[in-house]
Amino acid sequence: MRRTPHRRMLAATLLVACALVPMAAAPVAAVQAAKADRHDRNDCPPDGLGPEVSARLDKAIEDVRRQADIPGVVVGLWMPGKGSYVRATGVADTVTRRPMTTDGFVRIGSETKTFTVTALLKLVDDHRIRLDDPVSRYVHGVPNGGRITLRQLAGMRSGLFPYTSDPDFVQDLLSNPERSFTPQEVLAYGFKHKNTFAPGKEFQYSNTNLVLLGLVIEKVSGQRLADFIDGRVLRPARLHHTLFPQGAEFPEPHPRGYTDQTLSGSVADATDWNPSWAWAAGAMISNLHDLRRWAPIVATGELLSPQTQAQRLKTLPTGFPGLSYGLGIFKTGGWIGHNGSIPGYETVTVYLPSKKATLVIMINTDSLSQGQEPSTLLARAITGVVTPENVYDGAVSPR
């Protein structure tokens, strides 16, 4: 199964055997951008990008949606001084043909990493931890933990084996995707294996790193990770529609989510699969409004000291063209942020500092199209229209 910022959070060993059946188009629904505060200000008038640009975006999105067999798509684009573009197209449910809408919640997968690492960096600003502390100071039993730092975990340079690449984990998860996993249980799958390289020597996207950081946050704060993120990240950011679920709970309304990450390779409805296996690396839920707010907050470091944010944005090459990775955040084509992928759903939430532009994409499938994630195809097409000098092209291909 697939992993990395632009693959999947499961292992790279399960072959994709089937794609989604093409869906008939539902009417495109244009909605006004949300009103409100500094991150929801109305200096981006609806359709202010102009009819020609909006029409080009409509076509680009619909072309990708059809070619990649994406059931439903939500796109939000805000460009201060120019305008906004907020659309939902396709279907939220392939059985009832209920149309996709802009007000739904989705599972945000690896975008959870931006929240977990922000929580970690709050502890750095509190002088309760240091980025160059070894993880063994906080969590026992980590292979080579005395030499692996918190910075290396957040930057995907620890060398720890990704538990999602363990065949037993894949079998156990897909045999019963409603089961609940503890952080210790998922780490055990990865710790059976030798480390893949010496700390700091290479880049390897691994959920093992973020699960460990979740345990560090709990150890130092004395709180459950979900509670610490709620109190120190979500509330200060005024993200009232973002949550860290205990299990498979999922607020309404939400689209159904579809995946081909199954033991048979056939497409399944993964809407109610339990995301506990992803925990600090990918279990969270959000919506378009909150992701719009979050993009500039995380990219500009609004919740952190300037010194700590500078550490976060010190990105290094990943080995994948066009993508560099910092501390739980990436840069591609000038855009800063993260994407998310979990069975049934994909998201992209990025910010372009040079234009103060925000792009959010939410879709209800994670099935690859011609070996690429559909959310990446959409982001590339959209930015090719509106910011041709800053095209999002951050695909990471582990296979």
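Every number in this text was worked out from the coordinates using simple rules, so none of it is lab data. All figures in this text were calculated on a predicted structure; none of them were measured in a lab. Don't worry about glycine lacking a Cβ; one is built from the backbone with ideal geometry, like all the others, and counts go over all protein chains shown.
Sorting Met100, Met79 by the number of Cβ atoms found within 10 Å of their own Cβ, with the fewest placed first, yields Met79, Met100. Expressed as an acute angle from 0 to 90° and rounded to the nearest 10, what is the orientation of the C-alpha long axis of helix 51-67 relative to the principal long axis of the chain? Once rounded, one gets 60 degrees. For the pair the stretch 257-319 and the stretch 99-169, the centres of their Cα atoms are 11 angstrom apart. When the chain is modelled as a GNM with alpha-carbon springs shorter than 10 Å, which of Gly76, Gly190, Gly141 fluctuates the most? In the Gaussian network model the winner is Gly141.
Output the relative contact order of the chain, whole-number percent, from Cα pairs under 8 angstrom with separation of 6+ residues.
Value for the chain: 24 percent.
Each Lys or Arg adds one and each Asp or Glu takes one away; over the other residues whose Cβ falls under 15 Å from the Cβ of Ser305, this sums to +3.
To the nearest 500 deg cm²/dmol, what mean residue ellipticity at 222 nm is calculated for the chain from DSSP H runs of n ≥ 4 alone, each contributing -39,500 (n - 2.57), summed and divided by the residues?
About -8000 deg cm²/dmol.
Counted over the stretch 292-397 with a bin width of 5 Å, the fraction of Cα pairs per bin, in whole percents, is 2, 13, 23, 25, 21, 11, 4, 1, 0. Given Ser266, Ala278, Ile297, which one lies farthest toward the positive end of the charge dipole of the chain, if we put +1 on the Cβ of every Lys and Arg and -1 on the Cβ of every Asp and Glu? Working it through, the farthest residue towards the positive pole turns out to be Ile297. Springs between Cα atoms under 10 Å define the GNM used for the chain, and in it the highest mean-square fluctuation of His241, His193, His140 occurs at His140. Taking Cα centre as origin and charging only the Cβ of basic (Lys, Arg, +1) and acidic (Asp, Glu, -1) residues, the dipole magnitude of the chain rounds to 1020 debye. Each residue of the stretch 237-247 was assigned a 3J(HN,Hα) from its phi angle through the Karplus curve 6.51 cos²θ - 1.76 cosθ + 1.60 (θ = phi - 60°); the sequence is 7, 6, 9, 8, 10, 10, 8, 10, x, 6, x Hz, with glycine and proline shown as x.
Per residue, the convex hull spanned by the Cα atoms of the stretch 256-352 measures out at 128 cubic angstrom. Largest GNM mean-square fluctuation among Ala278, Ala248, Ala55, using the chain with Cα springs under 10 Å: Ala55. The residues packed around Tyr138, meaning those with a beta-carbon under 14 Å from its beta-carbon, carry a net charge of +2 if Lys and Arg are +1 and Asp and Glu are -1.
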